Amino acid sequence: MASNNNEGTVSKRKGKRVKKELRTFATQTIDDLFEKFYHAKVAEGRAARTLHQYKENFRYFTHFLDYKDLSKNIDAITTDVIRNYVVFMKNEKIQFEDHNYKPNDCKKVGLSPSTINTRLKTLRVMFRFFVDEELSESNPMKRVKNVNELQEEINILTVDELRNLLNAPNKRNYSDYRDYVIMNLLLDTFLRISETLSLTNNDIDFSTKVITVRATVAKNRKARIVPIKNTTANLLKDLIKENEEFETNYVFVTNYGEQMDRNHFRKRLKVYARKAGITKNVHPHLFRHTGSTMFLEAGGDIRHLQMLLGHADLRMVMRYTHLSRHALINQHDQFSPLNAVIGKLNKERKILR
């Protein structure tokens, strides 16, 4: 009689949990993984400016690792390493260290909180990608908080300062006239400087006096339309006519017919500000802040301003509104609740002593 001897076989039972074998990431460096991250973001259609920022911020981080002689293996990059990087940026990193055109008195030790947070933002996106793609077991950024930023008041330009600034360029000179048109356009439309310098002839509809900001150049990757005044339209027409000899589709070009660079205009704007006797920090984005504030003070609707600025979140719009002290006092005087409560009863009275 044959015996049922099943000792030589092992049966697997259903429902039994099997411990998953842990993957090892010790041999993978952050350089190798960044290439995968970068190519994935290219495939997702991220804006060229965003991709450039990824590369730059990653370069800053790896420079820190090299400078401190720290391992680039992915498992060696911990929360403590990231926090040490933050301390390094706050206390050791020199501002504008890589900018040869910046004077030495600008190269101070310690980056601003906003700059530090911008660099951390790339690392947050990158390490989240590593974990989601199972390229890393843990996210060292998970417990790292942003550096507190002081919300300092932005000193917008006054009407007189704007007039002086617009009078600074020599409009008989091509490059000065081009800059004069840029300043008018920035103030009229609240465009970002990157959107302005990416403007092409095809983006302007002179019949309806509307500019289309293409999705490919908009910061939020959403197209929008922005109206322009007759005076701005005429300035653009004249400039485009002068550009005909360059055979370019860009509206704002250099003397050699090449697309104008943001840093080029930024430096020229500083020269005009000095010529106009303005001591404030004048930069292209200041037109966006100044124009938005003037728009509201003149009675413009904040929802319409939101559409012009191209922001989906109304809270972002509020960052661009800086009511002047004069406007603030007038509004308070006109709309204070005490006007309704006290009214004419608030008469002057003699104090008996």
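The values are calculated or read from the model by the stated rules, or taken from the named source; none is laboratory data. Bear in mind the structure is a predicted one, so any value in this text is a computation, not a measurement. As a convention, Cβ positions derive from the backbone with ideal geometry for all residues, glycine included, and neighbour counts pool all protein chains shown.
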Residues in segment 230-254 that are assigned to a loop (DSSP other than H, G, I, E, B) and either modelled with pLDDT of 95 or more or surrounded by 13 or more Cβ atoms within 10 Å (Cβ to Cβ) (or both) total 5
Subset tally (residues that are part of a helix (DSSP H, G or I) and over 17 Å from the mean Cα position of the chain (by Cα)) for segment 169-218 = 18
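Just checking, how many residues over segment 281-306 are assigned to a loop (DSSP other than H, G, I, E, B) and either in contact with an Asp or Glu (Cβ under 7 Å, 6 or more places away or on another chain) or at pLDDT 95 or above (or both)?
Taking segment 281-306 first, the residues assigned to a loop (DSSP other than H, G, I, E, B) are 281-283, 298-301.
Within this subset, residues satisfying the condition of being either in contact with an Asp or Glu (Cβ under 7 Å, 6 or more places away or on another chain) or at pLDDT 95 or above (or both) are 282-283.
So the count comes out to 2.
Test of understanding: among 241, 267, which residue is out of contact with any Asp or Glu (no Cβ under 8 Å at 6 or more places or on another chain) and closer than 16 Å to residue 177 by Cβ? Even if it seems obvious, please write down each step before you answer.
Values: 267 fails: closer than 16 Å to residue 177 by Cβ.
Being out of contact with any Asp or Glu (no Cβ under 8 Å at 6 or more places or on another chain) and closer than 16 Å to residue 177 by Cβ holds for just one of 241, 267, which is 241.
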Residue 277 vs. criteria at pLDDT below 90 and closer than 18 Å to residue 156 by Cβ = no
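Matching residues to (1) under 30 Å from residue 278 (Cβ atoms); (2) assigned by TED's automatic domain parsing to the domain that holds residue 268; (3) loosely packed, with under 15 Cβ neighbours inside 10 Å; (4) not polar (S, T, N, Q):
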site: 119; (1), (2), (3), (4): no, no, no, yes
site: 123; (1), (2), (3), (4): no, no, no, yes
site: 128; (1), (2), (3), (4): no, no, no, yes
site: 138; (1), (2), (3), (4): no, no, no, no
site: 141; (1), (2), (3), (4): no, no, no, yes
site: 145; (1), (2), (3), (4): no, no, yes, yes
site: 149; (1), (2), (3), (4): yes, no, yes, yes
site: 165; (1), (2), (3), (4): yes, yes, no, yes
site: 168; (1), (2), (3), (4): yes, yes, no, yes
Residues of segment 289-307 that turn out to be touching a residue at least 60 places away in the same chain (Cβ under 8 Å) and out of contact with any Leu (no Cβ under 9 Å at 6 or more places or on another chain), as a count = 1
How many of the residues making up segment 204-214 are surrounded by 13 or more Cβ atoms within 10 Å (Cβ to Cβ) and free of Cβ contacts under 8 Å to residues at least 24 places away in the same chain?
-> 5
Qualifying residue in segment 1-18 (condition: at pLDDT 55 or above, more than 24 Å from the chain's Cα centre (by Cα) and assigned by TED's automatic domain parsing to the domain that holds residue 70) = no
Across segment 141-168, what is the total count of residues that are under 26 Å from the mean Cα position of the chain (by Cα), part of a loop (DSSP other than H, G, I, E, B), among the aliphatic types (A, V, I, L, M) and farther than 21 Å from residue 296 by Cβ?
-> 4
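How many of the residues making up segment 63-80 are among the hydrophobic types (A, V, I, L, M, F, W, C), assigned to a helix (DSSP H, G or I) and touching a Phe, Trp or Tyr at 6+ places or on another chain (Cβ under 9 Å)?
So the first thing to find is which residues in segment 63-80 are among the hydrophobic types (A, V, I, L, M, F, W, C), and the list is 64-65, 70, 74, 76-77.
Restricting the remaining residues to those that are assigned to a helix (DSSP H, G or I) gives 64-65, 74, 76.
With touching a Phe, Trp or Tyr at 6+ places or on another chain (Cβ under 9 Å) added as a condition, the list becomes 64-65, 74.
Result for segment 63-80: 3.
Using the structure shown, decide if residue 49 is modelled with pLDDT under 95, exposed (fewer than 15 other Cβ atoms within 10 Å of the Cβ) and part of a helix (DSSP H, G or I). Don't jump to the end; show me each part of the working.
Details: modelled with pLDDT under 95: yes; exposed (fewer than 15 other Cβ atoms within 10 Å of the Cβ): yes; part of a helix (DSSP H, G or I): yes.
When the stated conditions are applied, residue 49 passes them.
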